[in-house]
Amino acid sequence: MSAALETTTLRQPAGAIAMSLRVYNTLSKAKEPFETVEPGKVGMYLCGPTVYKASHIGHMVGPVIFDTVKRYLTHCGYQVSWVVNITDVDDKLIAESKKRSLTMAQVADEMTADYLKNLKSFGVDQIDSMPKATEYMDEIIALIGSLIEKDFAYAVDGDVFFDVAKDSEYGKLSNRTAEGAQGEGGGAAAKKRSPSDFALWKAAKPEEPAWDSPWGKGRPGWHIECSAMSRKVLGESFDIHGGGLDLVFPHHENEIAQSECAHGKPMARYWMHNGLMRAAAAGKVGGRTDREAEANGGEATVDTKISRSKGAGGLAELVATHTGERLRFFLLRTHYRSTIVFGEEGIAEAGAALETFYRFFERYERITGEKYHDLPAALQRTEGDFTPGDDPLLQQVAARRERYLAHMDDDFNSAAAVSELFEMLREINKFVDAEQLEEAAKRDDAKLAALRQAALVLRELTTIFGLFQEMPKKTGGGDDALVGKLIELLIQVRNDSRANKNFAAADMVRDGLKAAGVTLEDRKDGTGWRIE
């Protein structure tokens, strides 16, 4: 870059906010202390989808991760503004609109609605702003004009290109040199000063959507859209820019070049990139994505990442089969910078793990008469602090809470934090068993108070993950009341068979229900059931 970047003062907020939080920065290839541009506030931008086809499971990885990041930062006391953009003008959108004989806007609106529906299914509800590129055309044109004025861009026959050679810091995110970078080819290649230059504005083609500009009718390039939208909503410098590992180059590298050359200051303090998703039984390690990952200091992924080009899809069906909560938990069991291996086995394991929590929720209600989902969740770190005293259970719970928070302070390590949740749940269940709290006669106020405090901590920490926000459905569909009555009838038949020592018939009922997905639980107070 021709001019040195302006120094931006970065400060941590005072008060209750965690001072030990460290975040891996793709830019520095290291974990750094989390220090914000403005004390107590966080601006966070995540690159959203190009809405030309229905969402697939890969589109949910980033939103689930950064929804959890926002929840945790809020828990630490920060005021977070999270932006996820919608790319609603693009070559793929234009091609899809022609294929379907619809306008580009109609395709974009339809697919945006699909994306929003899926976000809701996955419990992603922390987004503050979702700007669409077509709504920020004035800001895009103004930013391009600024780059031309500062001699970082040039116009040729209605096209505008960024002059990569003018940016001495180009490649600092991806470790690529300007000579090693390759811009768009096609008919525009002959207009460029260098093959590495990339388009900021594309001259209009016949029968394609176009906007007026100082360079003639046309539409923006992909990269400039995010630079313009993030500047408008979050400012010239903000705290976190996120996206998938596959966006490091060229998208994020080009965003940095555009924004920092225009503003003379850092675009984002931290560049966070989540690992990609691959199918469990396909592909080989060592594709282009792997080489980029290793060059960026991250883990190798696999060249069979889940994408539309690989035939991924059917997200609505996937949610209907497994529930959004199970899929969200499946994603959070892996550290966000690691590859997520997508397959039925992994989802089934996540579902079985969640069932452990669901069984405890039912157990807690039987003992206390209070629903777990009605417990208040501490939304601030200090609000969740408590003194365990000399109670052995609460001492264990407090220690697990501190370890959970330490893992999340260490680059949002949800995978390790999940392990602490399971250990905490195991210790709570062990306490219930040891104190025989399933039997009303064994309960007293002190034991119930300890159990409730432990449940409150569990509620606090699972809420950070966006889990258990609603009561799970007990049945899998159809007429729930009728299904419940039929299962209760079969349980009575089984109980009568056991009473008459007809154990073969009793086992047949149990095994038949198990094959149908219904698990029976024999307890001292009777037989419970659940649909797996």
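The values are calculated or read from the model by the stated rules, or taken from the named source; none is laboratory data. All of these numbers come straight from a predicted model, not from anything done at the bench. So basically every Cβ, Gly included, is an ideal-geometry build from the backbone, and we count neighbours across all protein chains shown. Surface accessibility is based on the protein's heavy atoms, side chains included, excluding ligands, DNA and RNA. Shrake-Rupley method; radii C 1.70, N 1.55, O 1.52, S 1.80 Å.
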message: Keeping every protein chain present and rolling a 1.4 Å probe, give me the accessible area per residue for the chain in Å².
response: 43
- prompt: Under 16 Å Cα-Cα from LYS514, which aspartates and glutamates qualify once same-chain neighbours fewer than 8 residues away are excluded?
  reply: GLU355, GLU488, ASP522, GLU532
field: Carbon plus sulfur fraction of accessible area for region 347-465, probe 1.4 Å, in percent
entry: 49
field: SER20 accessible area, assembled protein chains, probe 1.4 Å, Å²
entry: 70
message: Tell me the relative contact order for the chain as a rounded percent, counting alpha carbon contacts under 8 Å between residues six or more apart.
response: 15
query: Say each of ASP385 and GLU149 gets a label point 7 Å from the Cα, pointing the same way as Cα to Cβ; how far apart are those two points in nm?
result: 5.0
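In debye, nearest 20, what is the charge dipole magnitude of region 22-274 about its Cα centre with +1 on Lys and Arg Cβ and -1 on Asp and Glu Cβ, if you could check?
Values: 29 positive and 36 negative charges, 105 e Å.
The calculation lands at about 500 debye.
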- request: Considering Cα pairs under 8 angstrom that are at least six residues apart, work out the relative contact order of region 22-274 and quote it in whole percent.
  value: 24
- line: Given Cβ charges of +1 for Lys and Arg and -1 for Asp and Glu, the option among ILE531, LEU247, GLY264 whose Cα lies farthest towards the positive end of the dipole of the chain is ILE531
task: Write down the radius of gyration of the chain and its Dmax, each obtained from C-alpha positions, in Å.
output: 26.9, 92
Principal axis dimensions, largest first and in whole angstrom, of region 22-274 by Cα: 52, 44, 29
- request: Taking the Cα centre of region 347-465 as origin, sum charge times position over the Cβ atoms of Lys and Arg (+1) and Asp and Glu (-1), and report the length of that vector in debye to the nearest 20.
  value: 220
- prompt: Within straight cross-link reach of LYS442, meaning Cα distance under 13 Å, which aspartates and glutamates are found once same-chain residues fewer than 8 apart are removed?
  reply: ASP433
statement: Given a Förster distance of 41 Å, the FRET efficiency implied by the Cβ-Cβ spacing of ASP522 and SER419, rounded to the nearest 0.05, works out to 0.90
Distance (nanometres) between label positions extended 7 Å along Cα→Cβ at LEU116 and THR103: 1.8
message: Suppose every Lys and Arg Cβ carries +1 and every Asp and Glu Cβ carries -1, with no other charges. What dipole size does the chain come out with about its Cα centre, to the nearest 20 debye?
response: 820
